[in-house]
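> Have a look at the structure that comes next, please.
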Amino acid sequence: LLSIINDILDFSKIESGYLELEVHPFQVSACVEEAIDLFAASAAKQGIEIVYSIDNDVSEFMLGDVTRLRQVLVNLIGNAIKFTPSGEVQVTVTRTENGVDGSFLFSVRDTGIGLPPDRLDRLFRSFSQVDASTTRRYGGTGLGLAISKRLIELMAGKIWVESVPGVGSTF
(Lines give C-alpha, C1' and ligand atoms only; values in the text may rest on other atoms or scores of the structure.)
Protein backbone atom coordinates (compact mmCIF):
# COMPACT_ATOMS: atom_id res chain seq x y z
CA LEU A 1 0.00 0.00 0.00
CA LEU A 2 2.84 2.37 0.86
CA SER A 3 4.46 1.69 -2.50
CA ILE A 4 1.22 2.52 -4.33
CA ILE A 5 0.82 5.75 -2.35
CA ASN A 6 4.41 6.74 -3.12
CA ASP A 7 3.86 6.06 -6.82
CA ILE A 8 0.74 8.21 -6.86
CA LEU A 9 2.51 11.03 -5.01
CA ASP A 10 5.49 10.89 -7.37
CA PHE A 11 3.18 10.83 -10.37
CA SER A 12 1.27 13.85 -9.01
CA LYS A 13 4.48 15.82 -8.38
CA ILE A 14 5.74 15.10 -11.88
CA GLU A 15 2.41 15.94 -13.53
CA SER A 16 2.09 19.21 -11.61
CA GLY A 17 5.66 20.25 -12.39
CA TYR A 18 6.70 20.32 -8.73
CA LEU A 19 9.32 17.59 -8.91
CA GLU A 20 12.80 19.07 -8.91
CA LEU A 21 15.83 16.96 -9.64
CA GLU A 22 18.93 17.24 -7.49
CA VAL A 23 22.33 17.45 -9.11
CA HIS A 24 25.19 15.99 -7.07
CA PRO A 25 28.12 13.69 -7.83
CA PHE A 26 27.40 10.03 -7.11
CA GLN A 27 29.18 6.72 -7.56
CA VAL A 28 27.66 4.75 -10.43
CA SER A 29 28.50 1.29 -9.09
CA ALA A 30 27.01 2.09 -5.67
CA CYS A 31 23.77 3.28 -7.28
CA VAL A 32 23.44 0.09 -9.34
CA GLU A 33 24.44 -2.20 -6.46
CA GLU A 34 21.94 -0.57 -4.07
CA ALA A 35 19.13 -1.09 -6.57
CA ILE A 36 20.11 -4.73 -7.13
CA ASP A 37 20.52 -5.43 -3.40
CA LEU A 38 16.82 -4.73 -2.84
CA PHE A 39 15.96 -7.77 -4.96
CA ALA A 40 18.80 -10.17 -4.16
CA ALA A 41 16.81 -12.33 -1.73
CA SER A 42 13.64 -12.59 -3.81
CA ALA A 43 15.62 -13.26 -6.99
CA ALA A 44 17.62 -16.01 -5.28
CA LYS A 45 14.41 -17.55 -3.98
CA GLN A 46 13.08 -17.69 -7.57
CA GLY A 47 16.39 -19.04 -8.89
CA ILE A 48 17.04 -15.86 -10.89
CA GLU A 49 20.58 -14.54 -11.14
CA ILE A 50 21.05 -10.76 -11.07
CA VAL A 51 24.29 -9.53 -12.60
CA TYR A 52 25.62 -6.15 -13.61
CA SER A 53 28.46 -4.70 -15.61
CA ILE A 54 29.77 -1.18 -16.00
CA ASP A 55 32.00 -0.56 -18.99
CA ASN A 56 35.54 0.62 -18.29
CA ASP A 57 34.98 3.88 -20.20
CA VAL A 58 32.15 4.89 -17.83
CA SER A 59 33.54 7.24 -15.19
CA GLU A 60 33.29 6.09 -11.59
CA PHE A 61 31.28 9.18 -10.66
CA MET A 62 28.39 10.90 -12.43
CA LEU A 63 26.59 14.15 -11.81
CA GLY A 64 22.83 13.88 -11.35
CA ASP A 65 19.97 12.82 -9.10
CA VAL A 66 21.06 9.47 -7.69
CA THR A 67 17.76 8.97 -5.83
CA ARG A 68 15.65 9.29 -8.97
CA LEU A 69 18.05 7.21 -11.06
CA ARG A 70 17.95 4.49 -8.41
CA GLN A 71 14.12 4.74 -8.41
CA VAL A 72 14.06 4.04 -12.15
CA LEU A 73 16.51 1.14 -11.80
CA VAL A 74 14.48 -0.33 -8.93
CA ASN A 75 11.34 -0.19 -11.05
CA LEU A 76 12.99 -1.80 -14.07
CA ILE A 77 14.79 -4.49 -12.06
CA GLY A 78 11.62 -5.24 -10.07
CA ASN A 79 9.61 -5.62 -13.26
CA ALA A 80 12.31 -7.80 -14.81
CA ILE A 81 12.27 -10.15 -11.83
CA LYS A 82 8.46 -10.15 -11.68
CA PHE A 83 8.18 -11.24 -15.32
CA THR A 84 11.10 -13.70 -15.33
CA PRO A 85 10.19 -17.16 -14.07
CA SER A 86 13.80 -18.38 -14.44
CA GLY A 87 17.07 -17.23 -15.90
CA GLU A 88 18.74 -13.92 -15.29
CA VAL A 89 18.40 -10.17 -15.07
CA GLN A 90 21.36 -8.12 -16.25
CA VAL A 91 21.98 -4.43 -15.61
CA THR A 92 24.53 -2.77 -17.90
CA VAL A 93 25.95 0.74 -17.96
CA THR A 94 27.75 1.91 -21.10
CA ARG A 95 28.84 5.21 -22.61
CA THR A 96 26.67 6.26 -25.52
CA GLU A 97 28.14 7.06 -28.91
CA ASN A 98 27.93 10.73 -28.02
CA GLY A 99 29.21 10.02 -24.49
CA VAL A 100 31.42 13.09 -24.64
CA ASP A 101 28.39 15.11 -23.54
CA GLY A 102 27.95 12.90 -20.46
CA SER A 103 25.31 10.58 -21.90
CA PHE A 104 25.20 7.00 -20.72
CA LEU A 105 23.00 4.01 -21.42
CA PHE A 106 21.57 2.10 -18.49
CA SER A 107 19.90 -1.09 -19.64
CA VAL A 108 18.02 -3.82 -17.80
CA ARG A 109 17.71 -7.08 -19.73
CA ASP A 110 15.77 -10.14 -18.62
CA THR A 111 15.14 -13.65 -19.89
CA GLY A 112 11.46 -13.41 -18.99
CA ILE A 113 8.15 -13.77 -20.74
CA GLY A 114 8.75 -10.93 -23.21
CA LEU A 115 6.12 -8.68 -24.72
CA PRO A 116 4.08 -8.93 -27.90
CA PRO A 117 5.07 -6.20 -30.40
CA ASP A 118 1.47 -5.00 -30.83
CA ARG A 119 1.21 -4.19 -27.09
CA LEU A 120 4.45 -2.24 -26.55
CA ASP A 121 2.74 1.13 -27.04
CA ARG A 122 0.80 0.62 -23.78
CA LEU A 123 3.82 0.18 -21.56
CA PHE A 124 4.68 3.77 -20.73
CA ARG A 125 1.10 5.05 -20.34
CA SER A 126 -0.21 5.92 -16.89
CA PHE A 127 -2.35 3.25 -15.21
CA SER A 128 -1.79 0.93 -18.17
CA GLN A 129 -0.38 -2.55 -18.51
CA VAL A 130 0.09 -4.86 -21.46
CA ASP A 131 -3.28 -6.51 -20.81
CA ALA A 132 -5.79 -7.12 -18.03
CA SER A 133 -4.51 -10.63 -17.33
CA THR A 134 -1.12 -9.11 -16.47
CA THR A 135 -2.73 -7.08 -13.68
CA ARG A 136 -4.55 -10.12 -12.31
CA ARG A 137 -1.53 -12.42 -12.48
CA TYR A 138 1.36 -10.12 -11.55
CA GLY A 139 -0.26 -7.14 -9.81
CA GLY A 140 0.88 -3.54 -10.04
CA THR A 141 -0.69 -0.15 -10.65
CA GLY A 142 0.57 0.55 -14.15
CA LEU A 143 2.37 3.64 -12.86
CA GLY A 144 5.95 2.41 -12.50
CA LEU A 145 6.98 2.69 -16.15
CA ALA A 146 5.04 5.94 -16.64
CA ILE A 147 6.88 7.48 -13.68
CA SER A 148 10.20 6.07 -14.90
CA LYS A 149 9.62 7.54 -18.34
CA ARG A 150 8.86 10.97 -16.94
CA LEU A 151 11.87 10.88 -14.59
CA ILE A 152 14.17 9.87 -17.43
CA GLU A 153 12.80 12.67 -19.60
CA LEU A 154 13.39 15.15 -16.75
CA MET A 155 17.01 13.91 -16.78
CA ALA A 156 17.14 14.69 -20.55
CA GLY A 157 17.08 11.00 -21.45
CA LYS A 158 14.73 8.59 -23.13
CA ILE A 159 13.46 5.09 -22.46
CA TRP A 160 12.37 2.38 -24.84
CA VAL A 161 11.94 -1.36 -24.86
CA GLU A 162 13.10 -4.16 -27.12
CA SER A 163 11.32 -7.43 -26.53
CA VAL A 164 10.69 -10.87 -27.98
CA PRO A 165 7.83 -12.96 -26.57
CA GLY A 166 9.16 -16.01 -24.73
CA VAL A 167 12.75 -14.71 -24.90
CA GLY A 168 12.82 -11.58 -22.75
CA SER A 169 12.97 -7.81 -22.75
CA THR A 170 15.52 -5.05 -22.55
CA PHE A 171 14.60 -1.61 -21.21
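> What's the ranking of 77-88, 32-43 by average number of surrounding C-beta atoms within 10 Å, highest first?
77-88, 32-43
> Based on the mean of other Cβ atoms within 10 Å per residue, sort peptides 67-76, 20-29 so the most packed one is first.
67-76, 20-29
> Using a Cα-Cα cut-off of under 22 Å, which lysines could be cross-linked to Lys158, ignoring same-chain neighbours fewer than 8 residues away?
Lys158 reaches Lys13, Lys149.
> Per residue Cα convex hull volume for region 72-124, in cubic angstrom?
Normalising the Cα hull of region 72-124 by residue number yields 109 Å³.
> Heavy atoms only, 1.4 Å probe, whole protein assembly: order Ile152, Ile113 by accessible area, highest first.
The ranking, largest first, comes out as Ile113, Ile152.
> Count the net charge of all other residues whose Cβ sits under 13 Å from the Cβ of Asp57, scoring Lys and Arg as +1 and Asp and Glu as -1.
Within the 13 Å Cβ shell, the charges total -2.
The values are calculated or read from the model by the stated rules, or taken from the named source; none is laboratory data. All figures in this text were calculated on a predicted structure; none of them were measured in a lab. Because the Cβ atoms are built from the backbone with ideal geometry, glycine has one as well, and the counts that use them run over all protein chains shown. Heavy atoms of the whole protein, side chains included, go into the accessibility calculation; ligands, DNA and RNA do not. Shrake-Rupley method; radii C 1.70, N 1.55, O 1.52, S 1.80 Å.
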